[in-house]
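Report on the following structure.
Bear in mind these aren't lab numbers, they're just calculated from the coordinates by the rules spelled out. All values derive from a computational prediction rather than experimental measurement. Reconstructed Cβ throughout: ideal geometry from the backbone, glycine too, with neighbour counts over all protein chains shown.
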Amino acid sequence: MRYQISGKQIDVGDALQTHVKTELSEVMEKYSQRPTDAVVVFSRDAHEFVCEATAHLSSGLTAQARARANEIYAAFDGCCEKMDKQLRRYKRRLKDHHRDTAEPVEFGGASSYILAAEIESEEAEPETLQPIIIAETETRILSLSVGEAVMRMELSGAPVLVFRHESNKGLNVVYRREDGNIGWIEPAQAS
């Protein structure tokens, strides 16, 4: 597993790097068996240390955790505990999903765009109604069940996930609502 351990205006010493690698390796081996890489970033927020960790798994899932504490080791340990809890929570779901799936998860390609935010002014009208594209990237649309889509969305910490429904092959969306619940959009199939 590859590690990228860094600090924002903080010197991350060898002892802390060794501690991070040891503890994170134990968590990842216990639950996922196939981690590819992990990024751990330490920063300061007033008198507290903040630790943010992101681990990419070979199954395509991304687990993220964040914690803060008065000491840098305590911040990492809290972050590691959250990631442990998150992976433990989904371990059974991951096993159940892969047991029933004989083939790997299918995916299709799609383009993802980042559009410029419009700054509205009462005096000036926009020259065009077309948005300005800042960046374009390729993204994957996975073929998943609704439960698997919700799990992947929660693991990645994303507010929304677009996926192709396994049963009807239509594009669906799951998203986190303002009330904390999960919303699911399933367009009607053309007959």
Distance (nanometres) between label positions extended 7 Å along Cα→Cβ at E26 and M1: 1.2 nm
Under the Karplus curve 6.51 cos²θ - 1.76 cosθ + 1.60, θ = phi - 60°, whole-Hz ³J(HN,Hα) for region 40-56, x wherever Gly or Pro sits: 10, 10, 9, 8, 10, 9, 6, 8, 9, 9, 10, 10, 10, 10, 10, 10, 9
